[in-house]
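Have a look at the structure below before the remarks.
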Amino acid sequence: MYLRFEDAYNNYYNYVICYLKPQSIKAIKERFKNHILPYFKDFNIYDIKKIEYLKFQTILQDKNLSYKYIKVLHTAVVTFLNFCIKYYELNENVASKVGIFKNKNYSTNKFDFYTIEEFKQFIKYIDNEIYKQFFNLMFFTGTRPGEAMALKFSDLNKYYIDINKTIAERIFENNERYIGSPKTFSSIRKVVIDKTLYYDLIKLKQYYIQKYNIENYDYFLFGGLKPLATTTLNRYKEKACNKAKIKNIRLHDFRHSHATLLLNNKICIKEISKRLGHSKTSTTLDIYIHTNKKQEKKVTRTLNFLRLF
């Protein structure tokens, strides 16, 4: 039997566009075009051996891609080959058989965070009010970066923000950033905000009205007529970290910072999970419970005390 990998992919692509969101379709196209097809496009799908998939993984490593993105590419191949099993009677999924490689230089669950003291030190050195309020919102609400960038003033209420969309953090090959609904139902949520953050955001709205001279326009919270770019946010963040002489954490780590802040202040895990948009509290526990060093020390002190008697 013979079926060229690229021909099978083209049929697979025509299949997924009927079922997936535009953002997901663009991502699949980008992954295959940039990383998967350059290696596999001329292979007969029925002749791909395990050793060939191992070579493909080695090539991905040599590109210095993040482990997280390599896992995404691996999942893309697994899903594609499952499609081939279902519709082209492929006997086995070699990607699933081989699995994702393990590398001691990668950490799949590693993340960092700021304590409240570190965040206060960081935010002092953000000299632009729009960017300052973006980081304030991230730290004090735990939204995902894409959710924060997609927020408009119609999503802002006096006591909460309405999370109902997200924006692609990266720019696709046609310079487009897609805004769509969050990927899971549980991500659509209302997140309570503090009074200080609310009034600071209202000040931003007044700033946009004065700048653009349009009263009733539904401005983006961060950027006005168009959302902020991830690259610019990272540039402001790095500059502030250098001035404050503190570690430079990722944008997504501000979300981790919020969760850790609440956990260390004894907010129940169910409420934290709800704020983060997790469908299960077990997800929140798996990610964050090991970061709670204060609780670990408390356990140690308790056990040491009990051993005295």
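Provide the FRET efficiency to the nearest 0.05 for the residue 213-residue 72 pair, computing r from the beta carbons and using R0 = 51 Å.
Between residue 213 and residue 72 the formula returns 0.75.
Of all the accessible heavy-atom surface of the stretch 175-309, with the other protein chains kept in place and a 1.4 Å probe, what percent is carbon and sulfur?
So the carbon and sulfur contribution to the accessible surface is 56 percent.
What range in the chain is the longest one free of GluC sites (Glu not before Pro) that are in a loop by DSSP and have at most 15 other Cβ atoms within 10 angstrom?
Answer - 216-309.
Using a 1.4 Å probe over the heavy atoms of the protein chains, calculate the carbon and sulfur portion of the accessible area of the stretch 73-164 as a whole percent.
46
For the stretch 71-161, what relative contact order do you get, as a whole percent, if you take Cα pairs closer than 8 Å and at least 6 residues apart?
Taking the mean separation of contacting Cα pairs over the length of the stretch 71-161, I get 13 percent.
Over its Cα atoms, what ratio of radius of gyration to 2.2 N^0.38 Å does the stretch 27-85 give?
Scaled against compact globular proteins, the figure is 1.06.
So what's the convex hull volume per residue for the Cα atoms of the stretch 112-227, in Å³?
Output value, Cα hull per residue: 133 Å³.
Which whole-number value in Å² is the accessible area per residue of the stretch 206-281, probe 1.4 Å?
56
Across every pair of different alpha-carbon atoms, what Kirkwood hydrodynamic radius in Å does the chain reach?
22.3
Within the P(r) computed for the stretch 171-288, what percentage of the Cα pairs occupies the region above 17 Å?
Result: 72 percent of Cα pairs exceed 17 Å.
Return the Cα extents of the stretch 117-165 along principal axes one, two and three, sorted largest first, each rounded to a whole Å.
31, 22, 19
Roughly what % of Cα-Cα distances in the stretch 1-128 sit above 24 Å, to the whole percent?
So the pairs more than 24 Å apart make up 40 percent of the total in the stretch 1-128.
The values are calculated or read from the model by the stated rules, or taken from the named source; none is laboratory data. Bear in mind the structure is a predicted one, so any value in this text is a computation, not a measurement. Positions of Cβ are generated from backbone atoms using ideal geometry, with glycine treated the same way; all protein chains shown enter the neighbour counts. Surface areas here come from the heavy atoms of the whole protein model, side chains and all, with no ligands, DNA or RNA. Shrake-Rupley method; radii C 1.70, N 1.55, O 1.52, S 1.80 Å.
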